Amino acid sequence: MTNITVLGAGAWGTAFGQVLADAGNDVTMWAIEPDIVADINENRRNSARLPIVDQLPERMHATGDRAEAVRDAEIVVVAIAAQFARVALEEFRGLIPSDAVVVSLMKGIERSTDKRMDEVVTEALELPLERFAAVSGPNLSKEVAQRQPAAAVAASVSREVAEKVAAAATNAYFKMFVSSDVVGVEMCGSLKNVTALAVGMARGAGYGENTAAMIQTRGLRELTVLGSALGAQKETFFGMAGVGDLITTCGSPLSRNYTFGANLGKGMSVEEATAASNGVAEGVPTVSAVVALGEKYGVPTPLASAMQHVLEDGISCAQMLSELFADGDVDE
């Protein structure tokens with residue numbers, strides 16, 4: 001049994017908290033919203049963020065007090081919206097025990113700095129990389145919350161840390177694999193959201209399987225080439241955190257990024273799609289960050305560039321696909 005704190009009681013944070021509790025750990029949920037804290041403690045529910053769960057495990061409780069939340073934590077899991085992570089985590093600097101491991105569930109690139117979440121977390125908390133792990137995989141929060149079989153990858157430069165996180169999160173329905181490729185797992189989790197936006201847009205516009213498969217394939221190549229330029233291992237992109245997450249995110253209306261893209265494909269503006277999507281679509285701010293990283297490392301990013309034109313210039317799905325077709329003549 002491990003004392004684990006989850007920072008952020010959104011849908012995924014709460015679902016992962018349940019995974020951890022089901023694995024036999026004592027889980028403290030930290031939430032800034034008093035009503036969510038009260039709901040978890042008094043009703044064993046998170047009606048606002050994860051209403052699909054009727055009763056959370058007895059091993060889960062919540063607090064809104066930062067110091068109390070992390071005081072006895074052996075593992076601290078961060079499940080905060082990527083674009084707000086740095087500011088939120090700075091409030092915890094100096095509070096987290098000096099031997100605790102910090103785990104990021106976040107998938108995104110910080111818009112203001114173009115930095116990955118491993119960089120954001122370690123900088124905000126002044127944390128050595130050896131105490132950090134990134135978790136990513138094909139994990140739709142509602143399906144995990146229903147205890148459907150699923151898996152993910154825990155990546156750390158420390159094998160011991162990766163294995164500690166994997167052991168804490170593995171139970172009868174959830175399997176955690178380990179990896180040393182932090183950069184690769186981070187890039188997979190971030191860049192696949194851009195592809196999901198494009199696939200969703202094509203679906204919303206009425207295109208079928210051929211178009212979706214084409215976009216996913218070109219998206220996989222784009223994120224693999226860019227990730228490799230940043231030092232990631234190519235094998236990571238063809239595993240659970242790469243292809244696995246890409247398939248899930250691009251193929252389900254439960255994906256916020258897919259849904260956001262689908263609304264764009266149906267003719268909604270970015271503002272209308274934002275209002276209709278009921279949650280943060282991390283792929284939206286990630287698009288421009290991917291383009292910037294591509295320019296920095298000399299890697300073409302035709303899919304991200306086309307989606308940037310969608311978001312910033314309002315081009316149609318047909319125009320987006322036309323731009324994607326202009327991407328070279330070699331399939332590799």
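The values are calculated or read from the model by the stated rules, or taken from the named source; none is laboratory data. All of these numbers come straight from a predicted model, not from anything done at the bench. In this analysis, Cβ positions are derived from the backbone assuming ideal geometry, glycine residues included, and neighbour counts consider all displayed protein chains. The area values use the complete protein model at the heavy-atom level, side chains included, leaving out ligands, DNA and RNA. Shrake-Rupley method; radii C 1.70, N 1.55, O 1.52, S 1.80 Å.
Determine, from the Cβ-Cβ distance of ASP313 and SER252 and an R0 of 30 Å, the FRET efficiency 1/(1 + (r/R0)^6), rounded to the nearest 0.05. Please report the intermediate quantities before stating the final value.
Numbers: r = 28 Å, r/R0 = 0.93.
About 0.60, to the nearest 0.05.
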query = If the chain between ALA81 and ASN210 were fully stretched, how many nm would it gain, using 0.36 nm times the residue separation less the Cα-Cα distance?
reply = 43.2 nm
query = For the chain, what is one quarter of the convex hull surface built on the Cα atoms, given in nm²?
reply = 15.4 nm²
ask   = How compact and how long is the range 190-324, expressed as Rg and Dmax of its alpha-carbon atoms in Å?
value = 13.6, 38
task = Express in whole angstrom the spacing between the alpha-carbon centres of the range 237-278 and the range 1-63.
result = 25 Å
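Scan the range 5-69 for GluC sites (Glu not before Pro) in coil per DSSP, keeping those whose Cβ has at most 14 other Cβ atoms within 10 Å, and list them by number. Each step should come with its number before you reach the end.
Numbers: sites: GLU42, GLU58, GLU68; in loops: GLU58.
Listed in order of number, the matching sites are GLU58.
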note = Once amide hydrogens are built 1.01 Å from N within the peptide plane, the residues lying 5 or more places from VAL101 or on another chain with amide H under 5 Å from its amide H are ILE75, VAL76
ask   = Any idea how far the Cα center of the range 155-198 sits from the one of the range 96-110, in Å?
value = 12 Å
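Tell me the relative contact order for the range 190-324 as a rounded percent, counting alpha carbon contacts under 8 Å between residues six or more apart. Could the numbers behind the result be given before it?
Numbers: 196 pairs, mean separation 45.8, N = 135.
Relative contact order comes out at 34 percent.
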Structure-based [θ]222 nm, the chain - -39500 (n - 2.57) summed over DSSP H runs of at least 4, per residue, nearest 500 = -14500 deg cm²/dmol
query = Hey, with R₀ at 41 Å, roughly what FRET efficiency would PHE177 and SER269 work out to, going by the Cβ-Cβ distance, to 0.05?
reply = 0.55
inquiry  = Just to confirm the filter: which GluC sites (Glu not before Pro) across the range 106-206 are DSSP coil and have at most 12 other Cβ within 10 angstrom of their Cβ?
reply    = GLU126
remark   = Restricting to Cα pairs under 8 Å and 6 or more apart, the percent relative contact order of the chain works out to 14 percent
ask   = Based on the Cα gyration tensor of the range 3-180, what are the three equivalent ellipsoid semi-axes, each the root of five times an eigenvalue, rounded to whole Å and given largest first?
value = 22, 19, 15
inquiry  = Take GLU68 and LYS234, extend 7 Å from each Cα along the Cα→Cβ direction, and tell me the distance between the two endpoints in nm.
reply    = 5.3 nm
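When only Cα pairs under 8 Å and 6 or more residues apart are kept, what is the percent relative contact order across the range 120-190? Intermediate values should be presented prior to the final figure.
Values: 114 pairs, mean separation 22.3, N = 71.
Once divided by the residue count of the range 120-190, the mean separation gives 31 percent.
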remark   = Per residue, the convex hull enclosing the Cα atoms of the range 132-200 spans a volume in Å³ of 81 Å³
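If you stretched the chain out fully between GLU42 and GLN148, how much longer would it get, using 0.36 nm times the residue separation minus the C-alpha to C-alpha distance? Don't jump to the answer; show the numbers that get you there.
Numbers: separation 106, 0.36 × 106 = 38.16 nm, distance 2.61 nm.
Going from the current span to full extension adds 35.6 nm.
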The range 3-180 - accessible surface per residue (Å², probe 1.4 Å) = 41 Å²
